[in-house]
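A short worksheet on the structure shown next.
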Ligand code: GLA
């Protein structure tokens, strides 16, 4: 069984340096790494002031960068043919499209942090390479944003203090929502910047707190299966869900669904809006359940919460697909302790907690079920919880 390899940071940093030299003729002064993520539970809760429990993947994006002195930004990527070139003042909303928006948008959003340094305002050559699968619901875009941010801050000589990390998360969110035009919450950027190895990160978007939760489940692995059904958060389905949540909160007279009383949710008159709100309110409660269950290593409780979360996303939030449903059902039948779809939905991946000795049986069963259903072959990876973004030495 071949899992998608995360590669090793040293090799991938060398590859990124070589790419910067080949594609842009520049010599890297820094390589930064930022991980993708898989969310254990808490879906579509971040923009409702709820909680989430993501894990940083060992699969990451690497950004090799060199400073310029002419105010120009050039962006190239191993995953893209096109080189983007523009001036520093052409990196903002409405000025960049496609993949380059994620990287250029970060340069724009970090502007105030870079303004005090000559290297921060002279322009940049940046080359990106990634082992995070694209369009798989594993935050390849946040990984680009955070890797570019750390690289550029390093070039500008800005030390990454806790305060700067927080400002960087905010800048990466602005790049995604205002420049790339994906109306997402803040989970992906937060975990990519703040994750700790061997832990999930429990983020509470109302209290603005985050704490690592040890993922200490003896003999278990975290298996991620990418269904290969592509997922685009700028497509409209994500924004429509967000609008339904806002409507529900407005009708109940609460600032966010985090403050909603389940009895008020049950009284919402629009059936679709009621189901959307029901998902969010119950999902926020499930995050707390899973955090508690991880502390006591209560795998049956985690399994029950994952199952309820998946059903809620399938039936109430309506963001699952036949491929995700089949992967989840098959994983559980083949011996997973817990499985659910993960991420924004409409395709992408599932996450499963699996006894290590059953991992191969589970992936084989999913492959066979997909072949039997006429779906294209899925891809699997092991999500060994990794650390957040930083410079690769
Ligand atoms: C995407 C978004 C996140 C979050 C998830 C759903 O990954 O980027 O902000 O809303 O979907 O939980």
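A few notes on this one:
- Flag for residue 151 being under 24 Å from the mean Cα position of the chain (by Cα), within 16 Å of the ligand (Cβ to nearest atom) and on the phi < 0 side of the Ramachandran plot: no
- In the stretch 353-366, the residues that are over 16 Å from residue 309 (Cα atoms) and either in contact with a helix residue (DSSP H, G or I) (Cβ under 6 Å, 6 or more places away or on another chain) or surrounded by 19 or more Cβ atoms within 10 Å (Cβ to Cβ) (or both): 354, 358, 359, 362, 363, 365, 366
- When residues of the stretch 314-342 are limited to those that are within 16 Å of the ligand (Cβ to nearest atom) and out of contact with any strand residue (DSSP E or B) (no Cβ under 6 Å at 6 or more places or on another chain), the one farthest from residue 230 (Cα to Cα): 316
- Residue count for the stretch 154-173 satisfying the condition of being within 14 Å of the ligand (Cβ to nearest atom) and surrounded by 19 or more Cβ atoms within 10 Å (Cβ to Cβ): 3.
- Yes/no for residue 33 being closer than 20 Å to residue 383 by Cβ and more than 14 Å from the ligand (Cβ to nearest atom): yes
- Near pairs, Cβ below 6 angstrom, 6+ apart or cross-chain, from the stretch 40-60 (outside the structural domain of residue 304 (by TED's automatic domain parsing) and closer than 9 Å to residue 205 by Cα) to any residue that is assigned to a strand (DSSP E or B) and more than 7 Å from the ligand (Cβ to nearest atom): 51/204; 52/203
- Matching residues, the stretch 372-387, being surrounded by fewer than 12 Cβ atoms within 10 Å (Cβ to Cβ) and either over 20 Å from residue 59 (Cβ atoms) or at pLDDT below 95 (or both): 372, 373, 374, 376
- Checking residue 183 against (1) surrounded by fewer than 19 Cβ atoms within 10 Å (Cβ to Cβ); (2) under 28 Å from residue 287 (Cβ atoms); (3) over 12 Å from the mean Cα position of the chain (by Cα); (4) more than 11 Å from the ligand (Cβ to nearest atom), the condition it does not meet: (4)
- Looking only at residues of the stretch 186-197 that are farther than 13 Å from residue 40 by Cβ and within 14 Å of the ligand (Cβ to nearest atom), we find that the one that is surrounded by the most Cβ atoms within 10 Å (Cβ to Cβ) is 192.
- Taken over the stretch 322-352, the criterion of being surrounded by fewer than 23 Cβ atoms within 10 Å (Cβ to Cβ) and modelled with pLDDT of 95 or more is satisfied by 322, 325, 326, 329, 332, 333, 334, 335, 337.
- Some residue of the stretch 38-49 being away from the ligand (no atom under 15 Å from the Cβ) and modelled with pLDDT of 95 or more: no
- Some residue of the stretch 71-79 being in contact (Cβ under 8 Å) with a residue 60 or more places away in the chain, in the same structural domain as residue 18 (by TED's automatic domain parsing) and surrounded by fewer than 21 Cβ atoms within 10 Å (Cβ to Cβ): yes
- Restricting the stretch 343-352 to residues that are out of contact with any helix residue (DSSP H, G or I) (no Cβ under 6 Å at 6 or more places or on another chain) and not in a strand (DSSP E or B), the residue that is farthest from the ligand (Cβ to nearest atom) is 347.
The values are calculated or read from the model by the stated rules, or taken from the named source; none is laboratory data. As the structure is a computational prediction, the values presented were derived from the model and not from experiment. FYI the Cβ positions are ideal-geometry reconstructions off the backbone, even for glycines, and counts take in every protein chain you see.
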